[in-house]
Amino acid sequence: MAKAAKSSKSKKTVRNLETVIIEKEDGIAWCIFNRPEKRNAMSPQLHLDMNQALDELAIDPEVNVVIITGAGKAFSAGQDIRLYFRGTTEDPAKRHKAKHASHAWRWTKLASFPKPTIAMVNGYCFGGAFTQVSACDFAIAADDAVFGLSEINWGILPGGIVSWNVVEMMTMRDAMYYACTGETFTGKQASAMRFITKSVPKAKLRAETVKLAKLLQQKSPAALRYTKEGVRAVRYMSVDQAADYLNAKSDALKYVDKERSREKGMKQFLDDKTYRPGLGHFDRSKDL
Ligand code: COA
């Protein structure tokens, strides 16, 4: 029988890619955009680095949760207007490569990431950066973080899939207003609009984010992965399709969950009477 992985303490490791730092500690991987002098604007190189980082972290046995954030005072100022837009205008091959890499990590890989993901929005978040915030399972921002769909302010539309992201996450009224005016809104407002999970004072941002990451690590990784995949997948299904899909997914979970969480959860509640599922989680570290 597979023994449950504990959310053990581990030594911090740091790896520097050209534009992204990967820090790993206690089951948590921090992906830190590292162009603070450019407010973490996303260059073609940053897209390549983030693809590499996510590919590695998806299969890294030491990592249970991934947090994405920015170095310095910005989360990300969106696509790099010089390097991503102007720098690829005359070169279709370069443009294609940058666009593909940009979409791959910010949506395809993040939205289907096998482990929980958290966007920790520490400051400026503009334009294209809305996609990775939307793709993460959770987003926690500083109360005073500044969000903006600034595309209209320099004569383009919220492209890539940003317009789709905002109508999916916000009300149509909010999406239309902020897309057409380019007005900014704060972390507090983003929380009230439900664009993010919550906002907290900046001094508490890291601690609150780590608290969520720790809570997630108490859950069965297999159940968590299937839950997040299920929640995303059923959204655009009919009720009959959803029922069929969720039945099949539940059966598949019993097969893939080597920790046998379901049996443990039932045993600890019904037989051992050591916890109440309505009020907390079973003890993963205990064998069946
Ligand atoms: N693309 C390219 N360069 C960017 C950038 C972006 N999206 N955002 C910031 N930078 C660069 C600036 O050009 C400047 O470079 P320089 O030092 O070589 O002149 C540097 O980052 C610092 O920016 P600055 O504007 O001086 O910082 P600030 O703290 O006063 O303001 C922002 C920060 C984010 C409000 C401001 O830089 C901004 O509006 N950026 C554009 C945001 C945007 O519209 N993004 C959407 C793109 S689709």
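The values are calculated or read from the model by the stated rules, or taken from the named source; none is laboratory data. Keep in mind the model is a prediction, meaning the values are calculated, not measured. Neighbour counts are summed over all protein chains in view; Cβ atoms, including those assigned to glycine, are modelled from backbone coordinates with ideal geometry. Heads up: the accessible areas ignore ligands, DNA and RNA and are worked out on the full protein's heavy atoms, side chains in. Shrake-Rupley method; radii C 1.70, N 1.55, O 1.52, S 1.80 Å.
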| request: Note the count of lysine pairs whose C-alpha atoms are less than 20 angstrom apart in the range 1-105, limited to pairs 8 or more residues apart or on different chains. | output: 6
| Cα gyration tensor shape for the chain, rounded if a/c is under 1.5, else prolate or oblate | prolate
| request: Amide H neighbours of residue 119 under 5 Å, at least 5 residues apart or on other chains, H built in the peptide plane: list them. | output: 68, 138, 139, 140
| query | Going by alpha carbons, how many degrees (0 to 90, nearest 10) lie between the helix axis of 92-103 and the longest principal axis of the chain? | reply | 40
| remark: SASA check, residue 137, accessible area w/ 1.4 Å probe, all protein chains in place, rounded to nearest 10 Å², comes out at 40
| task | Quote the accessible area belonging to residue 154 in square angstrom, nearest 10, computed with a 1.4 Å probe and with ligands, DNA and RNA left uncounted. | result | 100
| field | Rounded to 10°, Cα long-axis angle of helix 205-217 versus longest principal axis of the chain | value | 40
| field | Using alpha-carbon coordinates, inclination of helix 239-256 to the longest axis of the chain, degrees | value | 60
| Normalized C-alpha radius of gyration of the range 150-202, against 2.2 N^0.38 Å? | 1.15
| Area of residue 131 that stays accessible when all protein chains are in place (1.4 Å probe, Å², to 10) | 0
| request: Report the charge-dipole magnitude of the range 13-217 in Debye, nearest 20, computed about the Cα centre from +1 at each Lys and Arg Cβ and -1 at each Asp and Glu Cβ. | output: 240
| query | When only the heavy atoms of the protein chains count and the probe is 1.4 Å, how do 281, 100, 47 rank by accessible area, highest first? | reply | 100, 281, 47
| said: Show me, for the range 128-135, the HN-Hα J-couplings you get by feeding each phi into the Karplus relation (A = 6.51, B = -1.76, C = 1.60, θ = phi - 60°), rounded to Hz, glycine and proline as x. | reply: x, 5, 5, 5, 5, 5, 5, 6
| remark: Using alpha carbon centers only, the range 67-112 is separated from the range 206-244 by a whole-angstrom value of 26
| said: Could you put 180, 31 in order of accessible surface area, largest first, with the 1.4 Å probe and the full protein assembly present? | reply: 180, 31
| According to the Kirkwood expression over distinct Cα-Cα pairs, how big is the hydrodynamic radius of the range 149-288, in Å? | 18.7
| said: Just to make sure I understand: if all protein chains stay in place, what is the order of 219, 115 by accessible area at 1.4 Å, largest first? | reply: 219, 115
| Once amide H atoms are placed 1.01 Å from N in the peptide plane, what residues at a sequence separation of 5 or more from residue 63, or on another chain, have their amide H within under 5 Å of its amide H? | none
